[in-house]
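Shown next, in structure tokens, is the structure this report addresses.
The values are calculated or read from the model by the stated rules, or taken from the named source; none is laboratory data. What you see is a predicted model, and the numbers here were worked out from it, not measured in a lab. Don't worry about glycine lacking a Cβ; one is built from the backbone with ideal geometry, like all the others, and counts go over all protein chains shown.
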Amino acid sequence: MPTYAALLRGVNVGGKAKVPMAQLRAVVESLGFTSVSTYIQSGNVVFTSSKAVTPKALAAAVAKGFGIDVDVVLRTSAELQRVVKGNPFSKADTSKVHVGFMTSKPSAATLKKIDAERFRPEEFAIRGNDLYLHLPNGMGRAKLPPYLDRQLKIPTTVRNWNTVTKLVQLTKNAAG
């Protein structure tokens, strides 16, 4: 049975869009999904499903259950494994690597307009609908991610490398 990770954008950040994880698990289970688990408080849900899954259906369930509008990014276990294998910053300190999971792939024309050189030593790479960030001075002071958000105009939810690798492990375990 396919295993998925649903990544909710902007929940439990700065006291906004509060979503208790136990209730989130219950909402996802109410959709008929199985082996539902959450990881940390930032809106990561792992589950299996024998039926079709869409981010739109999950977002609607979250809106109904919590009264908040959030973007949901969905990745299969295999897609998460490809994210880890495709890390263009594999030689970097992984505590400085993040992945932005985008709801769609940016156009070539949009990418051509991005001038990231002024943000060095911060750097990025895009592989399909995944945005890799290498932020040597940490996420808190980084200037590149907000710039990319403004340029790409694609809903993106960012996870640190430890969370990404943990989600890979959780989706593998959920698959049995």
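Of all the numbered requirements in (1) free of Cβ contacts under 8 Å to residues at least 60 places away in the same chain; (2) under 19 Å from P136 (Cα atoms); (3) under 16 Å from the mean Cα position of the chain (by Cα), A78 misses one, and that requirement is (2).
Of all residues in segment 9-33 being under 24 Å from R82 (Cβ atoms) and modelled with pLDDT of 95 or more, which is surrounded by the fewest Cβ atoms within 10 Å (Cβ to Cβ)? Among residues in segment 9-33 that are under 24 Å from R82 (Cβ atoms) and modelled with pLDDT of 95 or more, the one surrounded by the fewest Cβ atoms within 10 Å (Cβ to Cβ) is F33.
Selection of segment 26-66 for residues being under 19 Å from G10 (Cβ atoms) and in contact with an Asp or Glu (Cβ under 8 Å, 6 or more places away or on another chain) yields P55, A59, A63. Scan segment 104-123 and give yes if some residue there is touching a helix residue (DSSP H, G or I) at 6+ places or on another chain (Cβ under 7 Å), assigned to a strand (DSSP E or B) and not assigned by TED's automatic domain parsing to the domain that holds L7, otherwise no. No, because not a single residue in segment 104-123 is touching a helix residue (DSSP H, G or I) at 6+ places or on another chain (Cβ under 7 Å), assigned to a strand (DSSP E or B) and not assigned by TED's automatic domain parsing to the domain that holds L7. Based on this model, can you work out whether R75 counts as in the same structural domain as N137 (by TED's automatic domain parsing) and either crowded, with 18+ Cβ neighbours inside 10 Å or in a helix (DSSP H, G or I) (or both)? For R75, the condition - in the same structural domain as N137 (by TED's automatic domain parsing) and either crowded, with 18+ Cβ neighbours inside 10 Å or in a helix (DSSP H, G or I) (or both) - is not met.
All conditions but one from (1) closer than 30 Å to V27 by Cα; (2) in a helix (DSSP H, G or I) apply to D69; the one that does not is (2).
In segment 18-36, the condition of being within 21 Å of N129 (Cβ to Cβ), in a helix (DSSP H, G or I) and among the aliphatic types (A, V, I, L, M) is met by no residue. Would you confirm whether or not segment 83-103 contains a residue that is exposed (fewer than 12 other Cβ atoms within 10 Å of the Cβ), polar (S, T, N, Q) and under 16 Å from the mean Cα position of the chain (by Cα)? So far as segment 83-103 goes, no, none of its residues is exposed (fewer than 12 other Cβ atoms within 10 Å of the Cβ), polar (S, T, N, Q) and under 16 Å from the mean Cα position of the chain (by Cα).
Does I40 fit the bill of being closer than 20 Å to V158 by Cα, of a type outside the set (S, T, N, Q), out of contact with any helix residue (DSSP H, G or I) (no Cβ under 6 Å at 6 or more places or on another chain) and touching a residue at least 60 places away in the same chain (Cβ under 8 Å)? It is true that I40 is closer than 20 Å to V158 by Cα, of a type outside the set (S, T, N, Q), out of contact with any helix residue (DSSP H, G or I) (no Cβ under 6 Å at 6 or more places or on another chain) and touching a residue at least 60 places away in the same chain (Cβ under 8 Å).
The condition of being touching a helix residue (DSSP H, G or I) at 6+ places or on another chain (Cβ under 9 Å), outside any strand (DSSP E or B), closer than 26 Å to S35 by Cβ and small (G, A, S) holds for only one of A174, A142, that being A174. Residues in segment 145-162 that are assigned to a helix (DSSP H, G or I) and surrounded by fewer than 18 Cβ atoms within 10 Å (Cβ to Cβ): P146, Y147, D149, R150, Q151, N162.
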